[in-house]
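Engineer: Please read through the structure below; I'll follow up with questions.
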Amino acid sequence: MRRRISGAPATAVVLGLLVSLSGCGGDSGDASDGEGTLRLVAAEYGDNPATSSRAFWDKVTADFTATHPGIKVKVELKPWADIDREVSRLVNAGKAPDMALMGSYSDFAAQGKLYSADELLSVSAEANFLQPLAEAGSVGSTLYGLPFVASSRLLFLNDALFTKAGAKPPTTWTELKTAATALKKQGVKFPYAMPLGPEEAHAEALIWELSNGGGYADSSGNYSLASEQNVKTWGWVKENLVGAGLTGPVAPSQLNRADAFAAFLNNEVGMVNGYPSLLHEARAKGIKVNAVSMPVSEDLGAGETPPTVGVADWMMAFKQNGNRKAIGQFLDFLYQDKNLSDFANRYHLLPSTTSASRAVAGNNGSIAQSDTQFLTALRGAQLYPVNDPNWVTVSDTIKRNIGRAVDSNGNPKAVLEEIAAKATEASKKKN
């Protein structure tokens with residue numbers, strides 16, 4: 001069973017949206033005819049005008065209004081760097097949007113700001129989500145967050161650099177070190193790129209900790225950031241990779257994901273953990289990539305396979321404007337397989353439902369063949385504990401501190417205990 005952090009009390013009124021069916025009960029603020037204008041604030045997935053999410057939202061909202069003439073949907077796109085702050089500002093000012101699509105939901109859920117799943121969903125719609133995503137969107141046994149698109153992480157190997165170095169795809173930590181050593185002897189700048197800079201260190205950290213039987217939580221669902229397994233993990237990484245000069249000229253604490261990926265696309269990296277869009281970018285540049293599961297520690301039991309790391313983005317609906325019925329109708333339309341698959345394929349991400357993962361995207365073509373490996377990994381993945389309202393603070397603490405554990409003068413045990421103490425302090429302040 002996937003480990004889960006305990007979130008807000010079950011008595012808190014929290015969210016979850018998905019496909020809405022006509023049998024859902026009403027609320028006092030419902031527009032009786034499902035008419036009006038809905039406001040959705042969504043993260044911008046593109047990085048330039050040509051790849052902007054605007055084209056998708058313009059089409060899907062126009063198609064929706066054509067079939068539901070009384071309802072219009074206004075979509076405002078915000079950069080990922082700004083959307084959390086902007087939505088929080090709107091909510092705090094009493095101007096919450098009807099819906100938001102972003103990277104977290106549990107803080108608003110804990111405040112009772114969101115519609116609950118049973119106000120909007122059918123049993124069959126809820127069951128359509130891929131299991132790890134449904135678990136991450138749930139507190140206890142109740143679904144609160146609606147996963148939209150997702151991705152999983154695999155270890156990318158530059159095939160040409162591996163061939164030149166005579167290295168073999170690693171399955172264990174020792175084999176990874178052997179491959180990195182061979183790559184270094186061939187002059188590869190980053191034999192293993194380890195981005196533990198503040199941009200996304202919590203992803204790299206979880207990948208390594210899971211590969212040694214550790215992670216962010218114990219089997220009871222409590223944070224275990226300074227567990228014995230995690231201390232051993234970072235001790236091994238510090239001594240065998242960083243200390244041996246196998247992670248490149250930039251200290252892991254100073255290397256961000258974007259820089260590691262850029263170096264990979266410049267043929268300067270032998271190994272890096274990546275997701276589907278990076279694989280597509282690399283292949284577009286003629287780089288042959290071998291994507292494999294993360295190598296595991298020899299300390300794991302024979303046959304024990306740790307989960308991969310999965311990441312999802314979340315849709316949520318705010319109660320403030322009382323537009324439950326209209327929101328449900330829009331979500332029912334949005335989460336049709338053709339729409340969800342279309343969005344996922346645009347950005348080489350993975351759809352969040354079982355049916356959409358098998359559906360034809362748009363008018364032709366299914367999920368890219370090269371993405372099916374990530375979809376398989378996602379089905380057994382472990383996601384961040386986004387159902388814990390403290391996760392935003394905890395993840396920020398990890399991102400800004402875990403890299404120090406492997407610095408030349410770093411003490412893995414001391415750094416992990418410091419992170420754990422800060423996480424405990426954050427939890428006490430919110431609770």
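Engineer: Inside the stretch 332-361, can you point out the residues that are open to solvent by 30 Å² or more (accessible area, probe 1.4 Å), under 22 Å from ILE71 (Cα atoms) and not in a helix (DSSP H, G or I)?
Structural biologist: Hit for the stretch 332-361 is GLN336, nothing else.
Engineer: Something else about it: Select, from ALA167, ALA134, the only residue that is in contact (Cβ under 8 Å) with a residue 12 or more places away in the chain, among the aliphatic types (A, V, I, L, M) and surrounded by fewer than 24 Cβ atoms within 10 Å (Cβ to Cβ).
Structural biologist: So the residue among ALA167, ALA134 that is in contact (Cβ under 8 Å) with a residue 12 or more places away in the chain, among the aliphatic types (A, V, I, L, M) and surrounded by fewer than 24 Cβ atoms within 10 Å (Cβ to Cβ) is ALA134.
Engineer: When PRO307 is evaluated against the numbered criteria (1) over 20 Å from LEU375 (Cα atoms); (2) in a loop (DSSP other than H, G, I, E, B), which criterion, by number, is the only one it fails?
Structural biologist: (1)
Engineer: I need the full set of residues from the stretch 69-99 which are farther than 20 Å from ALA326 by Cα, open to solvent by 50 Å² or more (accessible area, probe 1.4 Å), outside any strand (DSSP E or B) and not polar (S, T, N, Q), in order please.
Structural biologist: Across the stretch 69-99, the qualifying residues are PRO79, TRP80, ALA81, ASP82, ASP84, ARG85, ARG89, ALA93.
Engineer: How about the stretch 54-68: which of its residues are surrounded by 13 or more Cβ atoms within 10 Å (Cβ to Cβ) and closer than 17 Å to ASP337 by Cα?
Structural biologist: PHE56, TRP57, VAL60, THR61, ASP63, PHE64
Engineer: Looking at the stretch 373-389 only, could you name the residues that are farther than 28 Å from HIS348 by Cβ and either among the basic types (Lys, Arg) or open to solvent by less than 10 Å² (accessible area, probe 1.4 Å) (or both)?
Structural biologist: ASP388
Engineer: Please report, ordered by residue number, the helices (runs of 4 or more DSSP H) entirely within the stretch 180-288 with at least 1 residues that are in contact with a strand residue (DSSP E or B) (Cβ under 6 Å, 6 or more places away or on another chain) and surrounded by fewer than 22 Cβ atoms within 10 Å (Cβ to Cβ).
Structural biologist: 201-210, 257-265, 276-284
Engineer: Take the residues in the stretch 139-157 that are at pLDDT below 85 and open to solvent by 10 Å² or more (accessible area, probe 1.4 Å); name whichever of them is farthest from LYS325 (Cα to Cα).
Structural biologist: It comes out as GLY140.
Engineer: Under 6 Å between Cβ atoms, at least 6 apart or on separate chains: pull out the pairs that start in the stretch 405-416 with a residue that is more than 19 Å from LEU206 (Cβ to Cβ) and end on any residue that is of a type in the set (Gly, Ala, Ser) and open to solvent by 10 Å² or more (accessible area, probe 1.4 Å).
Structural biologist: Going by the 6 Å Cβ cut-off, the qualifying pairs are ASP407/SER253.
Engineer: So, one more: Restricting attention to the stretch 142-163, does a residue exist that is of a type in the set (Ser, Thr, Tyr) and assigned to a helix (DSSP H, G or I)?
Structural biologist: yes
Engineer: Additional query: For the subset of the stretch 216-237 comprising residues that are aromatic (Phe, Trp, Tyr) and more than 19 Å from LEU383 (Cβ to Cβ), which member is nearest to the chain's Cα centre (by Cα)?
Structural biologist: Per the criteria, the residue is TRP234.
Engineer: Find the residue count for the stretch 390-425, including only residues that are of a type in the set (D, E, K, R), closer than 19 Å to LEU255 by Cα, more than 19 Å from the chain's Cα centre (by Cα) and open to solvent by 60 Å² or more (accessible area, probe 1.4 Å).
Structural biologist: The total comes to 1.
Engineer: So, in the stretch 362-388, how many residues would count as being part of a loop (DSSP other than H, G, I, E, B), among the small types (Gly, Ala, Ser) and modelled with pLDDT of 85 or more?
Structural biologist: So the answer is 2.
The values are calculated or read from the model by the stated rules, or taken from the named source; none is laboratory data. These figures come from a predicted structure and were not determined experimentally. Every residue, glycine among them, receives a Cβ derived from its backbone with ideal geometry; neighbour counts consider all protein chains shown. Keep in mind that these areas ignore ligands, DNA and RNA; they rest on the heavy atoms of the full protein, side chains included. Shrake-Rupley method; radii C 1.70, N 1.55, O 1.52, S 1.80 Å.
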